[in-house]
Protein chains: 2
Amino acid sequence: MVKLDFDLDFKKGNGLIPAIAQDCNTGEVLMLAYMNQASFNETLSSGKATYYSRSRQALWEKGETSGHVQYVREIRVDCDHDTVLLQVEQVGGAACHKGYKSCFFSIVENNELKILDKKVFDPEKVYKSVKGI
Amino acid sequence: MVKLDFDLDFKKGNGLIPAIAQDCNTGEVLMLAYMNQASFNETLSSGKATYYSRSRQALWEKGETSGHVQYVREIRVDCDHDTVLLQVEQVGGAACHKGYKSCFFSIVENNELKILDKKVFDPEKVYKSVKGI
């Protein structure tokens with residue numbers, strides 16, 4: 001069991017804090033998800049990014065269905081202790097369930113949203129087994 | 001007035017979405033704050049990062065008291081349209097009100113929190129005029 005010598009501030013976010021995942025090799029921001037205390041502790045003890053899914057209301061080990069696990073190389077905490085920043089090794093080269101390396105594949109240009117990046121995998125294939133259930 | 005050709009999803013966060021600010025030159029993640037629709041629009045039209053302060057419940061142009069303005073070079077939106085990523089030029093070289101370049105100046109080591117970075121300014125001096133009011 002993980003015993004922490006510091007507190008994170010989960011109160012402001014109704015038990016959740018945002019967690020940013022950054023590629024430890026390239027510095028690219030891959031995604032943002034949420035953590036509760038249990039998912040933070042699980043991340044620390046397993047070494048794999050484990051978030052809290054707001055839609056499923058359950059712990060969610062990133063990559064548990066896609067195989068695109070995130071190995072956590074470093075965890076930083078911000079000045080208010082209400083956000084964490086994970087430096088991760090992204091297995092499969094892609095974090096986004098839509099097939100892109102980063103979830104931030106769209107850019108605002110002239111008040112429109114344009115897709116800037118290219119897919120690195122086909123979500124239809126990767127999530128096939130899950131959809132087939 | 002800004003007219004957007006896309007929607008951001010503010011519902012899940014009670015009218016707010018997280019906004020990550022990343023140094024456009026170094027890739028360092030500087031801070032995370034929140035935006036409502038008005039602050040997002042203001043950021044677009046002014047070119048300066050404008051957040052929504054949850055404690056003050058008001059729009060907050062980053063750097064309005066410290067001078068540490070963030071000029072926005074690029075705005076990215078994530079796959080769910082519920083998080084934005086700003087590439088910013090950080091005036092004064094520091095984003096954190098505690099004097100550090102990044103708000104993420106602490107690292108988790110052996111279940112303890114350790115300060116890794118060094119201050120680049122003295123908050124007592126920068127915020128002196130504000131405190132003196």
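Descriptive notes on the structure:
- Conditions (1) over 30 Å from B:ASP7 (Cα atoms); (2) out of contact with any helix residue (DSSP H, G or I) (no Cβ under 6 Å at 6 or more places or on another chain); (3) in contact (Cβ under 8 Å) with a residue 24 or more places away in the chain; (4) of a type outside the set (Lys, Arg): number failed by B:ASN110: (3)
- Selected residue (criterion: nearest to the other protein chains (Cβ to nearest Cβ)) from residues of the range A:40-57 that are open to solvent by 40 Å² or more (accessible area, probe 1.4 Å) and in a strand (DSSP E or B): A:TYR52
- Within the range A:61-115, considering residues that are in contact with a Cys (Cβ under 8 Å, 6 or more places away or on another chain) and among the aliphatic types (A, V, I, L, M), the one nearest to B:CYS103 (Cα to Cα): A:VAL88
- Options A:GLU61, A:GLU28, A:GLU74: the member that is of a type in the set (D, E, K, R) and either open to solvent by less than 30 Å² (accessible area, probe 1.4 Å) or farther than 23 Å from B:GLN22 by Cα (or both): A:GLU61
- Selection status of A:GLY99, without any contact (Cβ under 8 Å) to a residue 40 or more places away in the chain, open to solvent by less than 30 Å² (accessible area, probe 1.4 Å), in contact with a strand residue (DSSP E or B) (Cβ under 7 Å, 6 or more places away or on another chain) and more than 9 Å from chain B (Cβ to nearest Cβ): no
- Residue that is of a type in the set (Ser, Thr, Tyr), more than 14 Å from B:THR83 (Cβ to Cβ) and in contact with a strand residue (DSSP E or B) (Cβ under 8 Å, 6 or more places away or on another chain), where the choices are B:THR50, B:THR26: B:THR50
- Condition met for B:ASP23 (within 11 Å of chain A (Cβ to nearest Cβ), acidic (Asp, Glu) and within 19 Å of A:GLU112 (Cβ to Cβ)): no
The values are calculated or read from the model by the stated rules, or taken from the named source; none is laboratory data. In this text, all values refer to a predicted model and were calculated from it rather than measured experimentally. Every residue, glycine among them, receives a Cβ derived from its backbone with ideal geometry; neighbour counts consider all protein chains shown. Protein only, heavy atoms only, side chains kept; ligands, DNA and RNA dropped before computing areas. Shrake-Rupley method; radii C 1.70, N 1.55, O 1.52, S 1.80 Å.
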